[in-house]
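Colleague: Handing you this structure, nothing more for now.
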């Protein structure tokens with residue numbers, strides 16, 4: 001039976017010409033038990049291809065990636081895919097799902113959610129709401145990809161803030177205040193001239209603002225007057241603040257990639273030392289060296 005392009009998007013995992021042992025998706029006899037544990041947010045499923053668990057390794061497989069495919073190796077690797085070395089065939093390192101025949105309008109994360117909504121890596125990184133949104137979009141194709149912006153008049157003119165941006169929501173879920181996020185977004189927009197940003201981009205600006213490396217007032221037409229207060233040693237205060245921020249960074253950032261925030265607890269030890277992207281590559285806890293039997297996504301209060 002011949003398949004249409006849309007029907008043939010999902011590849012069956014096998015052995016590619018590049019020599020990757022892609023394996024097959026076998027039925028787990030403990031599927032029900034795993035499902036019950038998964039409902040609690042605990043993951044005990046291991047990646048199908050752990051050798052590609054690190055994003056930089058996945059990105060390195062895209063040598064010879066077809067130039068006619070507009071999806072970049074960076075975006076593909078970020079969405080969990082590595083390149084098979086043949087045509088435009090890619091596979092998820094975690095669930096083993098394969099995709100091909102990429103269209104210009106295809107978004108790697110959305111295609112991942114469309115064809116493998118149960119992928120643990122997808123759930124950990126993008127969350128259940130994103131997957132449900134992709135499902136809803138499939139039944140409502142008129143929906144367009146866009147961040148929803150609310151605009152208001154401020155002393156600096158018309159200000160638009162992407163309240164529903166995944167990056168903004170992620171920072172808020174991790175305990176950052178709306179005010180400091182708005183300031184960081186304003187600085188980012190002025191610096192880069194666009195509204196396309198990730199949570200790590202805005203987080204870096206927040207740290208730069210706190211450390212005094214950049215000033216919010218330099219990126220708005222009319223800075224707000226500073227309230228008067230008691231006299232303090234500004235240099236000592238800045239030095240103390242800088243030291244506190246360095247300590248905070250060391251505690252918050254992934255011990256492997258050192259770029260994303262830690263958000264995955266290893267079980268049974270409970271240590272939180274890596275981000276959701278690097279966690280699948282860890283067999284032994286980076287803090288206590290105990291064997292990792294499972295993981296659970298954590299959030300800052």
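Any read-out appearing in this document is the output of simple, stated calculations on the displayed coordinates, not a laboratory observation. This structure is a prediction, so every number in the text was calculated from the model and none was measured. Don't worry about glycine lacking a Cβ; one is built from the backbone with ideal geometry, like all the others, and counts go over all protein chains shown.
Colleague: Can you give the FRET efficiency for residue 105 and residue 201, using 1/(1 + (r/R0)^6), R0 = 22 Å, r = Cβ-Cβ distance, to the nearest 0.05?
Modeller: Numbers: r = 24 Å, r/R0 = 1.10.
Calculated value: 0.35.
Colleague: Please give, to one decimal in nm, the separation of the simple spin-label points placed at residue 115 and residue 252, each 7 Å out from Cα toward the Cβ.
Modeller: 3.6
Colleague: Something else now. Would you mind putting 109-116, 258-265 in packing order, based on average other-beta-carbon counts within 10 Å, highest first?
Modeller: Numbers: 109-116: 20.9, 258-265: 19.4.
Averaged packing, sorted descending, gives the order 109-116, 258-265.
Colleague: Between the alpha-carbon centers of the stretch 74-136 and the stretch 251-280, tell me the distance in whole angstrom.
Modeller: 22
Colleague: At R0 = 25 Å, how high is the FRET efficiency between residue 208 and residue 74 if r is their beta carbon distance? Nearest 0.05 is fine.
Modeller: On the way: r = 23 Å, r/R0 = 0.92.
It comes to 0.60.
Colleague: Under the 0.36 nm per residue contour assumption, what length would be gained going from the current alpha-carbon distance of residue 243 and residue 139 to full extension? Please list the in-between numbers first.
Modeller: On the way: separation 104, 0.36 × 104 = 37.44 nm, distance 5.09 nm.
Length gained between residue 243 and residue 139: 32.3 nm.
Colleague: Round to the nearest 0.05 the FRET efficiency obtained for residue 56 and residue 290 when R0 = 25 Å and r is the Cβ-Cβ distance.
Modeller: Numbers: r = 25 Å, r/R0 = 1.02.
It comes to 0.45.
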